[in-house]
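Scroll down for the structure; my scribbles are underneath it.
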Amino acid sequence: MSQQVIYMNDEFVKKEDAKVSVYDHGFLYGDGIFEGIRSYNGNVFRLEEHLERLYDSAKSVMLQIPHTPEEMTNLVVETLKKNNLKDAYIRLIVSRGVGNLGLDPFSCAKPNVIIIAESLSLFPKALYESRIEIISVATRRSRSDVLSPKVKSLNYMNNILVKIEANLAGVPEALMMNDQGYVAEGSADNIFIVRKNKLVTPPGYVGALEGITRNAIMEVAAEKGYDIQEGVFTRHDVYIADEVFLTGTAAEVIAVVKVDGRVIGEGKQGPVTNDLLASFRELVQEDGVKVYSEQLNVV
Ligand code: PMP
């Protein structure tokens, strides 16, 4: 394969040359935003929604992205093409840029725009077959009125603390509660519980990121006639669920078979998860932006 190149501020550079200054406020303060996006067989799944979330995050934190969404779409497509990738994980980062050591974001001249595309899956492949065990952790989700989880900022310390607890317990992922003890989400994925064929996922205000995968699953489930809704629930509801699964761009849809030592349902990937995963796998091939021109749907 030809050498990986990374998009950095109007040019493509070799991976080893893709470097940012230590004065970038993204590095100094986690001041910036990002998106994790996936391309399936040359189809960038729901790129429009990812870019909408990116531009919403940018507006919220007063970060001026120096490209229109249309230009950004082309840049993502270009990055995949340059790397000859069809199946890829794409990381789009817009940091505040280089400034001085003070906090003031307005000292930064211009944002750094970076797009990395490579093959990746969040969990080792074997876990998709074996399903995963998770725990709930003591680290709480940052309050929505402090730093809204809807802003996908570079400040992921909250999530990293969750990941540390998961690692120490020897599990690949963990659940965080909000300050009131309601289930919010995983360190980098949303949670769904299924009981008596009803699906529930926490609403944004509880502390969940409104995941693109989550929204896709909600749509697919509704189309298939499932009773699906946003709802507030506790760990108890998770323990007694028939099925539990996590969703996320990197994680995709992954069944959870044990939570805090409680076996979920029959301890294997359940029928609802199976059904939705199958529909999701079909959807990701179609719903998005086609990278290679021979795939363009001309109507
Ligand atoms: N929650 C958090 C905290 C995340 O970082 C992610 C990954 N972006 C998700 C949920 C899942 O969102 P999406 O389906 O858009 O990847």
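Data for the structure
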item	result
Filter result for residue 221 (within 13 Å of the ligand (Cβ to nearest atom), within 21 Å of the chain's Cα centre (by Cα) and of a type in the set (Gly, Ala, Ser))	no
Matching option when the condition is assigned to a helix (DSSP H, G or I) and within 18 Å of residue 153 (Cβ to Cβ), among 28, 103, 92, 75	28
Which listed residue is open to solvent by less than 20 Å² (accessible area, probe 1.4 Å) and hydrophobic (A, V, I, L, M, F, W, C), from 188, 221	221
Filtered residues of the stretch 87-104 (kept if open to solvent by 40 Å² or more (accessible area, probe 1.4 Å) and closer than 17 Å to residue 33 by Cα)	91, 98, 103, 104
Output for the stretch 166-200, where each listed residue is within 24 Å of residue 91 (Cβ to Cβ) and charged (D, E, K, R)	173, 185, 189
Answer residue from the stretch 11-23, given it is part of a loop (DSSP other than H, G, I, E, B) and in contact (Cβ under 8 Å) with a residue 40 or more places away in the chain and is farthest from residue 97 (Cα to Cα) among those	18
Top-ranked residue of the stretch 180-211 - restricted to ones that are under 15 Å from residue 264 (Cα atoms) and outside any strand (DSSP E or B), ranked as farthest from the ligand (Cβ to nearest atom)	196
Strands (runs of 3 or more DSSP E) completely within the stretch 224-280 that count 2 or more residues being open to solvent by 60 Å² or more (accessible area, probe 1.4 Å)	227-230
Test set (1) within 16 Å of residue 211 (Cα to Cα); (2) out of contact with any Pro (no Cβ under 6 Å at 6 or more places or on another chain) - residue 230 fails condition number	(2)
Count of the stretch 31-49 residues which are part of a loop (DSSP other than H, G, I, E, B) and either without any contact (Cβ under 8 Å) to a residue 60 or more places away in the chain or open to solvent by less than 60 Å² (accessible area, probe 1.4 Å) (or both)	3
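The values are calculated or read from the model by the stated rules, or taken from the named source; none is laboratory data. Worth saying up front: this structure is predicted, and the values here are computed from it rather than measured. As a convention, Cβ positions derive from the backbone with ideal geometry for all residues, glycine included, and neighbour counts pool all protein chains shown. These area figures cover heavy atoms from the full protein model, side chains too; ligands, DNA and RNA do not enter into them. Shrake-Rupley method; radii C 1.70, N 1.55, O 1.52, S 1.80 Å.
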